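This report concerns only the one structure given below.
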């Protein structure tokens with residue numbers, strides 16, 4: 001069994017230890033130490049990072065009571081004693097997030113009767129799943145205030161090992177899932193929990209807790225939040241965004257949301273007007289093409305780099321105005337040809353059959369309804385030549 005220094009002194013980040021084992025499994029090369037300050041993955045908390053004799057520790061996992069330190073390469077066989085250094089920033093961050101979660105879960109449970117059902121400490125934010133179908137803004141604001149009052153009170157965070165029978169004498173938030181000895185993390189008067197994670201020695205080290213928002217997760221709520229230095233990081237990110245926005249929106253921060261909303265509404269109105277004008281232009285273009293055709297049985301046009309949606313819209317407009325004509329519209333693009341084949345309402349013919357005969361000419365594919373087909377393929381010939389080939393099939 002590895003001696004776990006992180007339980008004896010959570011602030012001990014450098015240590016020496018004998019090497020008691022080496023190996024390789026699906027996780028890669030690893031070494032086992034007689035004692036370690038590296039916390040392994042467990043209880044929703046990720047592993048510590050750092051170095052062992054200068055080699056980067058890429059993962060730490062507990063397997064059958066031994067703590068395996070995974071490194072990027074095999075460890076020298078002759079090495080018997082190593083020096084381990086735990087990444088300080090990552091350890092502090094995990095302690096802040098984990099203890100903040102304990103306080104947050106305690107407030108939701110005790111003050112609002114909402115239990116925490118799961119916990120995940122991510123690289124960017126932390127989430128807990130809460131046993132409730134919804135949350136209100138008022139409740140979130142109130143809960144955040146209560147949590148930060150506990151943080152500012154700088155209450156002691158105690159840890160102790162007890163037998164399960166003794167643990168039953170404490171007001172635990174949920175039953176222990178272990179037998180024999182269990183580790184309790186206690187914030188007197190606030191939280192009593194079985195937990196194997198790393199925590200600071202007082203709530204003040206959490207610094208602050210900020211709730212980021214929630215989403216529905218099945219029949220529960222997933223609440224996202226950050227603690228400690230992550231609050232400052234998020235504040236910095238938001239400040240950078242606001243600073244950049246101020247270059248385009250010279251308004252006070254509290255009025256920016258209203259200004260952006262006005263800009264979005266104005267943009268939507270412009271897009272609507274542009275769409276109406278494009279539809280009018282399309283109608284004029286269709287009228288002009290039909291007039292030039294002067295009742296011809298086949299109307300064909302070749303365009304340069306016209307999007308397929310534009311071809312489709314134009315084809316539909318022409319068929320409405322020319323019920324006795326076939327329509328062939330081609331768009332020439334650098335490496336492909338796109339086409340629309342259609343017929344007027346007074347013609348009884350399946351245009352899919354014409355498309356199937358013509359598509360092999362450009363190694364193309366497509367399809368549609370009997371009266372309207374679209375497709376495309378390689379530019380193996382000029383658009384005019386392809387249009388004439390289709391005309392010949394018609």
*Only one of the listed values, [x] 68, 30, 20; [y] 38, 26, 18; [z] 36, 24, 20, was derived from the coordinates as semi-axes √(5λ) of the Cα gyration tensor in Å; which label is it?*
[x]
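If neighbour count is taken as other Cβ atoms inside 10 Å, put 79, 51 in order from fewest to most. Walk me through the intermediate numbers first.
Working: 79 13, 51 16.
Ranked by crowding around the Cβ, least crowded first: 79, 51.
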*Mind giving me the FRET efficiency for residue 353 and residue 320? R0 is 22 Å, r the Cβ-Cβ distance, nearest 0.05 is fine.*
0.45
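What number, rounded to the nearest 500 deg cm²/dmol, is the helix-based mean residue ellipticity at 222 nm of the chain, given -39500 (n - 2.57) per DSSP H run of at least four residues and division by all its residues?
Numbers: 9 runs with 141 residues, N = 394.
Mean residue ellipticity, 222 nm, calculated: -12000 deg cm²/dmol.
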_Acute angle (nearest 10 degrees) that the helix 253-293 long axis makes with the longest principal axis of the chain, alpha-carbon atoms_ = 20 degrees
*May I ask you to derive the FRET efficiency for residue 216 and residue 154 from their Cβ-Cβ distance with R0 = 41 Å, giving the value to the nearest 0.05?*
0.70
*By how many nm would the segment from residue 138 to residue 172 lengthen if fully extended, with 0.36 nm per residue of separation less the alpha-carbon distance?*
9.4 nm
*Scale the Cα Rg of the range 92-243 by the rule-of-thumb value 2.2 N^0.38 Å and send over the ratio, two decimals.*
1.05
*So for 158, 8, fewest C-beta neighbours within 10 Å to most, what's the order?*
8, 158
*residue 246 to residue 234: extension gain in nm, 0.36 nm per residue of separation minus the Cα-Cα distance?*
2.5 nm
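Please rank 230, 251, 123, fewest neighbouring Cβ atoms within 10 Å first, as an exposure proxy. Please report the intermediate quantities before stating the final value.
Details: 230 22, 251 14, 123 9.
Final ranking by Cβ density, sparse to dense: 123, 251, 230.
Apply the Kirkwood formula to the range 285-393: the hydrodynamic radius equals the inverse of the mean of 1/r over all pairs of different alpha-carbon atoms; give it in Å with one decimal. Mind dumping the intermediate values first?
Numbers: mean 1/r = 0.0743 Å⁻¹.
After inverting the pairwise mean of 1/r, the radius is 13.5 Å.
Could you order the peptides 94-102, 261-269 from most to least packed, using the average number of other C-beta atoms within 10 Å per residue? Don't skip to the end; give the middle numbers.
Numbers: 94-102: 25.4, 261-269: 10.2.
Ranked from most to least packed, the peptides come out as 94-102, 261-269.
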*Any chance you could give the angle, 0 to 90 degrees and rounded to 10, that helix 308-321 forms with the longest Cα principal axis of the chain?*
40 degrees
*asked:* How many angstrom lie between the Cα centre of the range 377-394 and the Cα centre of the range 322-364?
replied: 9 Å
*Rounded, prolate or oblate: which fits the range 205-251 when a ≥ b ≥ c are the square roots of the eigenvalues of the alpha-carbon gyration tensor, with rounded for a/c under 1.5 and prolate only if a/b beats b/c?*
oblate
*Using the Cα gyration tensor of the range 189-231, with a ≥ b ≥ c the square roots of its eigenvalues, what is the shape: rounded (a/c below 1.5), prolate (a/b larger than b/c) or oblate (neither)?*
oblate
_Using a Förster distance of 22 Å, the FRET efficiency for residue 280-residue 304 (Cβ separation, nearest 0.05)_ = 0.45
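Using 0.36 nm per residue of separation minus the Cα-Cα distance, give me the extension gain between residue 165 and residue 53 in nm, one decimal.
Details: separation 112, 0.36 × 112 = 40.32 nm, distance 4.19 nm.
Extending this stretch completely gives an extra 36.1 nm.
Read-outs throughout are calculated quantities, based only on the coordinates presented, and are distinct from any laboratory measurement. Every value quoted in this text rests on a predicted model; they were computed, and no experiment measured them. Quick reminder, even Gly has a Cβ in these numbers, built from the backbone with ideal geometry, and neighbours come from all protein chains shown.
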